[in-house]
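**Q** Sharing a structure here in structure tokens format.
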Amino acid sequence: MIDIQSVGHVCVDLTPSLSGPPVTTPGVLAEVGPMGIRLGGAVANTARAITALGRTAAVAVTVGDDVLGDLCAAMLEEHRPGATVIQRSTEHATSYSVVVSPPEGDRTFWHHTG
């Protein structure tokens with residue numbers, strides 16, 4: 001049984017591992033570690049919180065008809081089998097954020113709303 005349905009914005013959060021401050025000097029190759037990939041946005045965060053409270057959440061989202069949309073859909077289905085409604089858009093790309101999170105200091109988000 002579904003307790004709550006979350007509808008709205010979802011995005012893919014891409015977080016490269018950094019060993020120091022981010023390098024933004026033009027033309028410089030900056031080495032980073034493995035990429036963390038996680039769902040973000042109001043829908044994913046709300047569903048995650050509802051689940052942590054011991055309840056069951058369904059989600060409904062729109063993602064782009066692109067590779068990030070495929071990834072987002074697969075991650076949603078993995079965590080919410082049978083409780084996920086996904087609409088695909090050919091007009092808009094999937095929303096994503098690059099989360100720049102240095103070991104010391106606050107995070108910065110480079111975001112595409114989709």
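The values are calculated or read from the model by the stated rules, or taken from the named source; none is laboratory data. Note that the coordinates shown come from a computational prediction; the quantities given were computed from them, not determined experimentally. Cβ coordinates were reconstructed from backbone atoms using ideal geometry, including for glycine residues, and neighbour counts include every protein chain displayed. The protein model used for the area step is the full one, side chains on, heavy atoms only, and it has no ligands, DNA or RNA in it. Shrake-Rupley method; radii C 1.70, N 1.55, O 1.52, S 1.80 Å.
**Q** From the phi angles alone, apply the Karplus equation (6.51, -1.76, 1.60; θ = phi - 60°) to the stretch 63-80 and give each ³J(HN,Hα) in whole Hz, x where the residue is Gly or Pro.
**A** 10, x, 8, 9, 5, 5, x, 4, 5, 4, 4, 5, 5, 5, 5, 5, 8, 9
**Q** Sticking with this one: Normalised by the empirical 2.2 N^0.38 Å for globular proteins, what value does the Cα Rg of the stretch 1-73 take?
**A** Rounded to two decimals, the normalised Rg is 1.46.
**Q** To continue, here is another question. Please report the carbon-and-sulfur percent of the accessible area for the stretch 1-109; probe 1.4 Å, protein heavy atoms only, DNA, RNA and ligands left out.
**A** Answer for the stretch 1-109: carbon and sulfur cover 56 percent of the accessible area.
**Q** Further, regarding this structure: I'd like the accessible area for Asp13: 1.4 Å probe, protein heavy atoms, all chains in place, Å² to the nearest 10.
**A** About 30 Å², rounded to the nearest 10.
**Q** Report, by chain and number, residues whose modeled amide H sits under 5 Å from the one on Leu39, excluding near sequence neighbours (fewer than 5 apart, same chain).
**A** Asp13
**Q** Which ³J(HN,Hα) values, rounded to whole Hz and listed in residue order, are derived for the stretch 109-114 from phi using the Karplus coefficients 6.51, -1.76 and 1.60 in 6.51 cos²θ - 1.76 cosθ + 1.60 with θ = phi - 60°, glycine and proline given as x?
**A** Running phi through 6.51 cos²θ - 1.76 cosθ + 1.60 with θ = phi - 60° gives 10, 9, 10, 10, 6, x Hz.
**Q** Further question: Which number do you get for Rg(Cα) / (2.2 N^0.38 Å) in the stretch 48-99?
**A** 1.22
**Q** Would you mind getting the Kirkwood hydrodynamic radius of the stretch 15-114 from its Cα pairs, rounded to one decimal in Å? Intermediate values should be presented prior to the final figure.
**A** Working: mean 1/r = 0.0651 Å⁻¹.
Value: 15.4 Å, from the Cα pair sum.
**Q** Any idea how far the Cα center of the stretch 95-114 sits from the one of the stretch 27-76, in Å?
**A** For the stretch 95-114 versus the stretch 27-76, the Cα centre distance is 13 Å.
**Q** How much length is gained if the chain between Glu91 and Val32 is pulled fully straight, taking 0.36 nm per residue apart and subtracting their Cα-Cα distance, in nm to one decimal?
**A** My answer for the length gained is 18.0 nm.
**Q** Right, next: Which GluC sites (Glu not before Pro) in the stretch 40-114 sit in a loop by DSSP (not H, G, I, E or B) and have at most 14 other Cβ atoms within 10 Å of their own Cβ?
**A** Glu91, Glu104
**Q** Among Gly41, Gly27, Gly82, determine the one that fluctuates most according to a GNM of the chain built with springs between C-alpha atoms less than 10 Å apart.
**A** Comparing Gly41, Gly27, Gly82 in the GNM, the peak value goes to Gly27.
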